[in-house]
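Written below as structure tokens is the structure these notes are about.
The values are calculated or read from the model by the stated rules, or taken from the named source; none is laboratory data. Treat the numbers as computed from the prediction; the structure is a model and nothing was measured. Cβ: placed from backbone, ideal geometry, glycine included. Neighbour counts: every protein chain shown. Surface areas here come from the heavy atoms of the whole protein model, side chains and all, with no ligands, DNA or RNA. Shrake-Rupley method; radii C 1.70, N 1.55, O 1.52, S 1.80 Å.
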Amino acid sequence: MTSPLTASPAQERWSPRLWGTLLVLCAAMFLDALDVSMVGVALPSIATDLGLSTATLQWIVSGYILGYGGLLLLGGRAADLLGRRRVFLIALAVFALASLLGGLVDSGPLLIASRFVKGLSAAFTAPAGLSIITTTFKEGPQRNRALSIYTTCAATGFSMGLVLSGLLTELSWRWTMLLPAPVALIALVFALRLIPHSAREKTAGGYDLPGAVTGTAAMLLLVFTVVQAPEAGWASARTLLSFLATAALLAAFVGIERRSASPLVRLGVLRSGSQVRAQLGAAAFFGSYVAFQFIVTQYMQSLLGWSALQTALAFLPAGVLVALSSTRIGAVVDRYGTPRVIATGFTLLVVAYALFLRISLVPQYAAVILPSMLLLGAACALVFPSLNIQATNGVDDHEQGMVSGLLNTSIQVGGAVFLAVVTAVITAGGGEGGSPQEVLDGFRPGLTVVTVIALAGLLITLPGLRARRQRGSLVVAGSATSVEGTPAPDRVAVRD
């Protein structure tokens, strides 16, 4: 059921209330992305203040990823079943409270627990917020514009998190934890007035509790295994058994979803090639970016001797470019379609990563670093909004939360998996010790893997260029999915 706030096709200007709704949702997504990137620079100060070991310290990052990536499927379906507004408001309130506690605690375990709770709450706000947008703004130019602004706020938050963390850590690491709390509370106050009510999905078949348990357990175990694999060893008995258990849980989950009258994830949606390409592309895009940022941060601080703030400012051109393009990407998608825009963005991403392979122990800012960052910013501006548009186009309103949860799961799991793989490659290449030149030589294989991941994302997108030339739409088990981001004609619902 479409929200009463939805603008008519003829309406060119959004009402103040519609703008307010979008800005509140953007604020929540900005905070989610900000929190992912902001804690990294503060880790050394946290370790010194709380006396944490390296093994314990990494869980401050991993705890958030575990809660976020592990519960996204459940969060997306909860938004459909319980009401998108209700889920969004409750999760945003929990996020604010966890941020406050994270800045006040005096022990490592409590800080990790607060980070896990923040990740858990983000697993509900992210798919709920995205599905509110896709059910409030009509599919086509209006939704494309809204999604381009929304996803740009996410990319900007991720970039600005580095800069803010460099500034705030100079005062105290606690400010990096506390900053999101008042912003989330302000967003919550406005959300109570602006977020439209949404109808719950009718659940004649009951709630899919077995699917929720097995799906959530599978995602939690997968993220946990990938995060721990570099430390435990990829070929260790614990890692292999964990992957085996994850596969068993996923197989059980698929079996349950195929038989359930009200599944957590309707598997028929993945019969769409457009949907599958969006999910795989999202994993490749975010996974390559997170791994690249990890390598670049280590390179700048460990080898070039740059401060945290200098490192953050080096990433700033990419963030600025993304922010400046926020209102224009929707129009680009309207004209060229998501396959062309995504393919162009991935091409720029491959070039950016490949160019960074030229780094040396002498900083080459004008020749290597700045061009790479500008290409990276342009790629993020093109790819991230387009993937969101492609994933949500042609999907019925009552399944927008489910698809949003799937997309965010692909993003987070892709980030966790590819970061762990690149970390293992760097470790195997000697990137953690020895002379500066040996460390640099260890970074190069990691950068090569990052480039290959982006190239894989480009190759995944290319079949969509052929599909877009075909006229008509693809009917997918209840939702007719428009061909790769182009407006769909009148749809005929077909059920399994």
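Which of the following residues is modelled with pLDDT of 85 or more, in contact with a helix residue (DSSP H, G or I) (Cβ under 9 Å, 6 or more places away or on another chain) and open to solvent by 30 Å² or more (accessible area, probe 1.4 Å): V296, V276?
None of the others qualify; the one that does is V276.
Anything in the range 447-467 that is among the β-branched types (V, I, T), farther than 11 Å from L349 by Cα and in contact with a helix residue (DSSP H, G or I) (Cβ under 6 Å, 6 or more places away or on another chain)? List them, or say none. Break it down into steps so the answer makes sense when it comes.
Taking the range 447-467 as the starting set, the residues that turn out to be among the β-branched types (V, I, T) are 448-453, 460-461.
If we keep only those that are farther than 11 Å from L349 by Cα too, we end up with 448-449, 460-461.
Listed by number, the residues that qualify are V449, I460, T461.
Among residues belonging to the range 332-342 that are assigned to a helix (DSSP H, G or I) and open to solvent by less than 10 Å² (accessible area, probe 1.4 Å), point out the one that is farthest from V452 (Cα to Cα). Full working, then the answer.
First, the residues of the range 332-342 that are assigned to a helix (DSSP H, G or I): 332-336, 338-342.
Checking which are open to solvent by less than 10 Å² (accessible area, probe 1.4 Å) leaves us with 333, 338-339, 341-342.
Working: V333: 26, T338: 22, P339: 20, V341: 20, I342: 16 Å.
Result: V333.
Looking at R84 and the list (1) among the basic types (K, R); (2) open to solvent by less than 40 Å² (accessible area, probe 1.4 Å); (3) at pLDDT 90 or above, which single condition is not satisfied?
(3)
Mind telling me which of the residues L179, L194, L221, L188 ends up being touching a residue at least 24 places away in the same chain (Cβ under 8 Å), open to solvent by less than 70 Å² (accessible area, probe 1.4 Å) and within 18 Å of V413 (Cα to Cα)?
Just one listed residue meets the conditions, L221.
Just one of (1) within 28 Å of R17 (Cα to Cα); (2) among the aliphatic types (A, V, I, L, M); (3) open to solvent by 40 Å² or more (accessible area, probe 1.4 Å) trips up A123, so point out which.
(3)
For L324, which of the numbered conditions (1) open to solvent by 40 Å² or more (accessible area, probe 1.4 Å); (2) at pLDDT 90 or above fails to hold?
(2)
Which pairs do you get when a residue that is within 19 Å of L419 (Cα to Cα), found in the range 286-313, comes within reach of a residue that is assigned to a helix (DSSP H, G or I) and open to solvent by 50 Å² or more (accessible area, probe 1.4 Å), reach meaning Cβ atoms under 6 angstrom, with the pair 6+ apart or on two chains?
G287/F418; A291/F418
Out of the range 197-218, which residues are modelled with pLDDT of 75 or more and open to solvent by less than 30 Å² (accessible area, probe 1.4 Å)?
G211, A212, T214, G215, T216, A218
Residue pairs, Cβ under 6 Å, 6 or more apart or interchain, first in the range 104-118 and touching a residue at least 40 places away in the same chain (Cβ under 8 Å), second open to solvent by 40 Å² or more (accessible area, probe 1.4 Å) and of a type in the set (V, I, T). List them.
G108/T56
Identify all residues within the range 224-247 that are assigned to a helix (DSSP H, G or I), open to solvent by 60 Å² or more (accessible area, probe 1.4 Å) and either among the hydrophobic types (A, V, I, L, M, F, W, C) or at pLDDT 85 or above (or both); write none if there are none.
F224, A237, R238, L240, L241, F243, L244
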